[in-house]
Amino acid sequence: MLAPAPDRLHALLATAARVVPGLDGTIGTIGEIDGIDDGGGRGGRAWSEARAEDIAPMVRHLGAHVPEAGAHYWSLRAWGLHIWQPVYLGIVGVHCCACAPDLSALSQRTEAGGIHGFRIAPHTPRLGAEDDGLRGVARQIAEGWTRLHAQWRDVGPLPVKAAGRLLADCVLGALLCVQRERTDWDAPRMHALGQRWLEAIGLGGECGFLAYRDGSGAERLALARKGCCLHYRRTDGEMCATCPRQRVPERLARLAARDGP
């Protein structure tokens, strides 16, 4: 049963927190900041309107704590932290709640080391068919990441190709989370949805799904990434199981071992 209009946003936030652990948001006017910040934190702007001075503390923090990883890693890591919440919230809304939130109403609290939750201004997410919601949310994401990337150029090295590919990973990662709720989504459906989302955002072909069997023989999907997150450059890091620097057979073997019984 769909929530009535006044409760729709509350229902969306509750569903998002359940489907995606760590996706924790509150309702409030953009510009409000909770708590006391003593680490260079900033907030008060929509996620896609963040400026260089909002972003730079995250990049500097990463540079101080993992200097060996290099500037490209610092910038890419900070980018991933900044984009994932609006992407996941929009996709959960469309596919779990049959509604499209206004992502321009979402702001994030940025602190030196990362982002801690989000705030979304009171509004009634638009009800509609999944196709309509997909197009509307995808348009907001497409417009938002383009604006955001323009600010990133003043902070650190972040090639547009790398930024787009990490965003594509994020979109398909959100679909994998939602698949746990949508038992009607089989592999063909997932491939089709992933392609539709990425094409609608303008990132067609920048990520995909890799089919594999886990240790018990069950068929599963993982990200078929096109870009590397550079985590292996950290002294405490290694290549992810789905890192595109590895050949596909090696990825499949690592995925099977990770998800074995």
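All of the numbers you see were taken from the coordinates with simple rules; none came from a lab. Computed from a prediction, not measured in an experiment: that's the story for all the values here. Quick reminder, even Gly has a Cβ in these numbers, built from the backbone with ideal geometry, and neighbours come from all protein chains shown.
Details
- Approximating the spin labels as points 7 Å out from Cα along Cα→Cβ, the His72-to-Glu238 distance works out to 2.3 nm.
- In plain terms, the chain from Ala142 to Glu181 could stretch by 11.5 nm, reckoned as 0.36 nm per residue minus the Cα-Cα distance.
- Going from the residue with the fewest nearby Cβ atoms within 10 Å to the one with the most, Ser48, Ser216, Ser104 rank Ser216, Ser104, Ser48.
- Couplings for the range 207-213, taken from phi via the Karplus curve 6.51 cos²θ - 1.76 cosθ + 1.60 with θ = phi - 60°, read 6, x, 10, 10, 7, 8, 10 Hz in order; Gly and Pro are left as x.
- Each helix, a run of at least 4 DSSP H residues, gives -39500 (n - 2.57); summed and divided by the residues of the chain, these come to -15500 deg cm²/dmol at 222 nm.
- Reducing the range 213-261 and the range 127-175 to their Cα centroids gives an inter-centroid distance of 23 Å.
- Computed about the Cα centre, the dipole magnitude for the range 5-205 is approximately 340 debye when only Lys and Arg (+1) and Asp and Glu (-1) carry charge, each at its Cβ.
- For the pair Arg196 and Val248, the difference between a 0.36 nm per residue extended length and the Cα-Cα distance amounts to 16.3 nm.
- Across the options Gly164, Ala46, Gly204, the greatest Cα extent toward the positive end of the charge dipole of the range 5-205 (unit charges at beta carbon of Lys, Arg, Asp, Glu) belongs to Gly204.
- Equivalent ellipsoid semi-axes, the chain, via Cα gyration tensor eigenvalues times 5, rooted, Å: 27, 26, 16
- Glu49-Ala211 FRET efficiency (beta carbon distance; Förster radius 45 Å; 0.05 resolution): 0.70
- Note on Arg18 and Asp154: with the Förster distance fixed at 35 Å, the Cβ-Cβ geometry gives a FRET efficiency of about 0.40.
- In the range 194-261, GluC sites (Glu not before Pro) in a DSSP loop with at most 15 other beta-carbon atoms within 10 Å: Glu238
- For the range 169-261, the Rg and Dmax computed from alpha carbons only, in angstrom: 13.7, 42
- Fewest-first sequence of Thr183, Thr15 by Cβ atoms within 10 Å of each Cβ: Thr183, Thr15
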